[in-house]
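Please read the structure below before turning to the comments.
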Amino acid sequence: MRRRAISLRLRLTLSYGGVFFALGFLLIAVSYILVHQVLVHNPGEFLSHVAARLGLSSAFLESRMPAPSGGQETVGAFMRTVQDQVVSLLLHGLTGVAFSALAVAAVVSVGLGWLIAGRMLRPLQEIALVARRASASTLHERIAMQGPSDELRELADTFDAMLARLEAAFEAQREFVANASHELRTPLAIMRTEVEVTLADPQVTSADLRRMASTVRSAIARSEDIIDKLLVLAESGQLVDTETVALDTLVAEEVRRQTPAAEARGLSFALDLQAAPVSGDRALLERLVDNLMGNAVRYAPPDSVVAIAVGRRPDGATLRVANAGEVIGPDELPHLFERFYRRGTSRSRKDGGAGLGLAIVAAVAQAHGGAASAASPAGGGLAVTVTLPAAAPTAPRD
Amino acid sequence: MRVLIIEDEEALALAIARGLRREGMAVDVSLDGADGLEKALLTAYDVVVLDRNLPGLHGDEVCARLAGERSETRILMLTAARSLRDKVSGLNLGADDYLGKPFAFEELVARVRALSRRSGPARPPVLRRQDVDLDPASRRAWRRNGELDLTNKEFGVLEALLSASGAIVSSEDLLEKVWDENTDPFSNVVRVTIMTLRKKLGEPPLIETVAGAGYRL
């Protein structure tokens, strides 16, 4: 730890003590002057007051008497001298006591100041401790300061919120790296095995090589798809740019893009698009629509209809995509939104699904403050409904 | 040697099968866990190459069932999870070996061979009986120091007979060990192969036919 010149605690203590001492001194000085003024500057009034109490006439005060220093002086002058001596004694005694008391009080105040400053500054030490410990592996720690909501509490809470954001960002990164390195192993294994087995064949034909190249090409396409989707998932954690996006137009564009693939499988689209402006990140919303429709097109049985509806609600918009297919049990429906979840047949993987499509749909919807839900209609198949708020989205994590 | 591949990635399963067949193994492929388990329980495979992350019936479950009910079949688990914990848990389920994806195909072949030596009684890497030597790893066989030029099936039959160490091997066993599931069990492929193998082995005759039981070397 870096050495500090003078600790904040000491500085606070010294300032307390200094201010206390200065004010105490000032107070003593002021009272000295005031008392002095009262006692010294109206001597005539004092004298006549004393004479009145003693029943002395003013003539008597004017009569002469022998002075202690020799010679003659009036009684009044003598009394005035006595008065001056009493006043001087009084003031001296007073200031002496006052300064002793000030000295004692100053020492006590410095001591108390030291303790109080330590107490007030303890939260800062806590914050510093957490900040010093904070690293990628300890980002889950929080200061979680108790006590009144004062400036230090606010600082601690702000710090906690920053840690939470950092943790979310780190977590998204870590998850991306872990998922990518895990999910890319399968296409890599396909490529490596295919190439090694084919090249090890001494009688390899050009047809074999063509088959190898085509297998490798689809494995590459799959790797790209996985990386793409994982990136979208990682980015969906935090919305950066939001703008007003016409959900219906977005869907119409995507329908146009997917029509060739759908027609190849004999699928047709049934559209019901109402104007529905939503606020969000255009690129992410495009991925949401793309994955939702791609999922439906991939799993719809040949020669069926994919129904797509965009509706407007007072608080936002809904997008519903439904495709025919087998009945999905209600307990399986929530799992559809999990990452890398594949339904219990190998069909899905032969179709090249990475098991990320609906996870992206859910993540993007949530990032926008919306939600995604799935239902399996009575006749079978899957209907996914996404709700998106029209208002400016609020940050999902914090 | 009879191998079953249970792997839901079709491209990978077919590539492995092609490679192993070229190594002279009789290879069957199953693309999902339930079907694979059924096959493995029906046929005495020497080695099952099992993908761990199977949809439907999970590879772990297939592994546990197989290890419990087919203890002579060796299981090589193949998986994308390469952490130490995954390896330990896989081996604890009854897998005999563990290989992370992606792998070098050579290594897969070597491991499958090593496992097959351990299916049944332990076998030496080079098989020898009388004046015949056979090295499964290099796929070469010799008689009286003269190398034999054998087809995959002939090689497989000879390997099965040598592995039996003098015990009788039935045609059904040979069919199961050397040919894959696409072979018609009522065909005479075994008889024909034994015949050509005898011819290549030359004199004096080594393979003995035990009437009604099978063959012996």
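The values are calculated or read from the model by the stated rules, or taken from the named source; none is laboratory data. Since this is a predicted model, take the numbers as computed values, not measurements. Quick reminder, even Gly has a Cβ in these numbers, built from the backbone with ideal geometry, and neighbours come from all protein chains shown. Accessible surface areas use protein heavy atoms only, side chains included; no ligands, DNA or RNA. Shrake-Rupley method; radii C 1.70, N 1.55, O 1.52, S 1.80 Å.
Can you name the residue in the stretch B:1-51 that is in contact (Cβ under 8 Å) with a residue 60 or more places away in the chain and among the β-branched types (Val, Ile, Thr) and, of all such residues, is farthest from the other protein chains (Cβ to nearest Cβ)?
B:THR43
Only residues that are within 24 Å of B:ASP149 (Cβ to Cβ) and either open to solvent by 30 Å² or more (accessible area, probe 1.4 Å) or in contact with a Phe, Trp or Tyr (Cβ under 7 Å, 6 or more places away or on another chain) (or both): list them for the stretch B:200-217, please.
Here is the first cut: in the stretch B:200-217, the ones within 24 Å of B:ASP149 (Cβ to Cβ) are B:200-209, B:215-217.
Across the stretch B:200-217, the qualifying residues are B:LYS200, B:GLU203, B:PRO204, B:PRO205, B:ILE207, B:GLU208, B:THR209, B:ARG216.
Within the stretch A:188-197, can one find any residue that is at pLDDT 90 or above, more than 16 Å from B:ALA17 (Cα to Cα) and either at the interface with chain B (Cβ under 7 Å from one of its Cβ atoms) or part of a helix (DSSP H, G or I) (or both)?
Just the residues of the stretch A:188-197 that are at pLDDT 90 or above, to begin with: A:188-197.
Filter again for more than 16 Å from B:ALA17 (Cα to Cα), leaving A:188.
So of that shortlist, the ones also either at the interface with chain B (Cβ under 7 Å from one of its Cβ atoms) or part of a helix (DSSP H, G or I) (or both) come out as A:188.
Yes: the stretch A:188-197 contains one or more residues that are at pLDDT 90 or above, more than 16 Å from B:ALA17 (Cα to Cα) and either at the interface with chain B (Cβ under 7 Å from one of its Cβ atoms) or part of a helix (DSSP H, G or I) (or both).
I'm trying to understand the selection: among the residues of the stretch A:230-245, which are buried (at least 16 other Cβ atoms within 10 Å of the Cβ) and of a type in the set (A, V, I, L, M, F, W, C)?
A:LEU230, A:VAL232, A:LEU233, A:ALA234, A:LEU239, A:VAL245
The rows are residues; the columns are (1) modelled with pLDDT of 85 or more; (2) under 26 Å from A:MET162 (Cα atoms); (3) buried (at least 22 other Cβ atoms within 10 Å of the Cβ).
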| site | (1), (2), (3) |
| --- | --- |
| A:GLY353 | no, no, no |
| A:VAL361 | yes, no, yes |
| A:ALA365 | yes, yes, yes |
| A:ALA371 | yes, yes, no |
| A:PRO377 | no, no, no |
| A:VAL386 | yes, no, yes |
| A:THR394 | no, yes, no |
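Would you say B:LEU37 is assigned to a strand (DSSP E or B) and either touching a helix residue (DSSP H, G or I) at 6+ places or on another chain (Cβ under 7 Å) or open to solvent by 50 Å² or more (accessible area, probe 1.4 Å) (or both)?
Values: assigned to a strand (DSSP E or B): no; either touching a helix residue (DSSP H, G or I) at 6+ places or on another chain (Cβ under 7 Å) or open to solvent by 50 Å² or more (accessible area, probe 1.4 Å) (or both): yes.
Here the answer is no, as B:LEU37 does not meet what is asked.
Okay, residues lined up against (1) within 19 Å of A:ALA365 (Cβ to Cβ); (2) away from every other protein chain (no Cβ under 14 Å):
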| residue | (1), (2) |
| --- | --- |
| A:ALA200 | no, no |
| A:MET212 | no, no |
| A:ARG217 | no, no |
| A:SER223 | no, no |
| A:LYS229 | yes, yes |
| A:GLU243 | yes, yes |
| A:ALA246 | yes, yes |
| A:SER268 | no, yes |
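Quick one: count up the residues across the stretch B:52-78 that are in a strand (DSSP E or B) and in contact with a Lys or Arg (Cβ under 7 Å, 6 or more places away or on another chain).
Of the stretch B:52-78, the ones in a strand (DSSP E or B) are B:74-78.
Those still in the list that are in contact with a Lys or Arg (Cβ under 7 Å, 6 or more places away or on another chain) too: B:74, B:76-78.
Qualifying residue count for the region: 4.
Failed condition for B:ILE6, given (1) open to solvent by 10 Å² or more (accessible area, probe 1.4 Å); (2) among the β-branched types (Val, Ile, Thr); (3) in contact with a Gly (Cβ under 6 Å, 6 or more places away or on another chain), with all others met?
(1)
Taking the condition in contact with a Ser or Thr (Cβ under 9 Å, 6 or more places away or on another chain), part of a strand (DSSP E or B) and surrounded by fewer than 24 Cβ atoms within 10 Å (Cβ to Cβ), does B:ASP28 pass?
On the way: in contact with a Ser or Thr (Cβ under 9 Å, 6 or more places away or on another chain): yes; part of a strand (DSSP E or B): yes; surrounded by fewer than 24 Cβ atoms within 10 Å (Cβ to Cβ): yes.
For B:ASP28, the condition - in contact with a Ser or Thr (Cβ under 9 Å, 6 or more places away or on another chain), part of a strand (DSSP E or B) and surrounded by fewer than 24 Cβ atoms within 10 Å (Cβ to Cβ) - is met.
Yes or no: the stretch A:173-186 includes at least one residue that is closer than 17 Å to B:LEU14 by Cα, within 11 Å of chain B (Cβ to nearest Cβ) and open to solvent by 70 Å² or more (accessible area, probe 1.4 Å).
No, there is no match, as no residue in the stretch A:173-186 is closer than 17 Å to B:LEU14 by Cα, within 11 Å of chain B (Cβ to nearest Cβ) and open to solvent by 70 Å² or more (accessible area, probe 1.4 Å).
Inside the stretch B:52-75, can you point out the residues that are more than 14 Å from every other protein chain (Cβ to nearest Cβ) and either surrounded by fewer than 21 Cβ atoms within 10 Å (Cβ to Cβ) or among the acidic types (Asp, Glu) (or both)? Break it down stepwise before answering.
We begin by selecting, within the stretch B:52-75, every residue more than 14 Å from every other protein chain (Cβ to nearest Cβ); these are B:60, B:63-75.
Matches in the stretch B:52-75: B:ASP60, B:ALA64, B:ARG65, B:ALA67, B:GLY68, B:GLU69, B:ARG70, B:SER71, B:GLU72.
Given the residues B:ALA141, B:ALA104, B:ALA110, which is the only one that is within 14 Å of another protein chain (Cβ to nearest Cβ), of a type in the set (A, V, I, L, M) and over 30 Å from B:GLU69 (Cβ atoms)?
Numbers: B:ALA141 fails: within 14 Å of another protein chain (Cβ to nearest Cβ); B:ALA110 fails: over 30 Å from B:GLU69 (Cβ atoms).
The unique qualifying residue is B:ALA104.
Scanning the stretch B:10-25 for residues that are part of a loop (DSSP other than H, G, I, E, B) and modelled with pLDDT of 85 or more, which turns out most open to solvent (accessible area, probe 1.4 Å)?
Keep residues of the stretch B:10-25 that are part of a loop (DSSP other than H, G, I, E, B), which gives B:23-25.
Checking which are modelled with pLDDT of 85 or more leaves us with B:23, B:25.
Values: B:GLU23: 52, B:MET25: 5 Å².
Among those residues, the one meeting the criterion is B:GLU23.
Could you check the stretch B:76-98 and list, in sequence order, the residues that are within 16 Å of B:SER30 (Cα to Cα) and touching a residue at least 40 places away in the same chain (Cβ under 8 Å)?
B:LEU78 - this is the single residue of the stretch B:76-98 that is within 16 Å of B:SER30 (Cα to Cα) and touching a residue at least 40 places away in the same chain (Cβ under 8 Å).
Just to be sure I understand the filter: pairs with C-beta atoms under 6 Å, separated by 6 or more residues or on different chains, first member in the stretch A:66-95 and surrounded by 13 or more Cβ atoms within 10 Å (Cβ to Cβ), second member of a type in the set (Phe, Trp, Tyr). Which pairs pass?
A:THR95/A:TYR32
Scan the stretch B:187-199 for residues that are open to solvent by less than 80 Å² (accessible area, probe 1.4 Å), in a helix (DSSP H, G or I) and of a type outside the set (Val, Ile, Thr) and jot them down.
Within the stretch B:187-199, B:LEU197 is the sole residue that qualifies.
Give me the residue from the stretch B:79-97 that is within 14 Å of chain A (Cβ to nearest Cβ) and not in a loop (DSSP other than H, G, I, E, B) and, out of that set, surrounded by the most Cβ atoms within 10 Å (Cβ to Cβ). Spell out how you get there, then give the answer.
Our first condition is that a residue be within 14 Å of chain A (Cβ to nearest Cβ); within the stretch B:79-97, this holds for B:79-83, B:85-86.
Keeping just the survivors that are not in a loop (DSSP other than H, G, I, E, B) gives B:79, B:85-86.
Numbers: B:THR79: 23, B:ARG85: 8, B:ASP86: 16.
Applying the filter and picking the extreme gives B:THR79.
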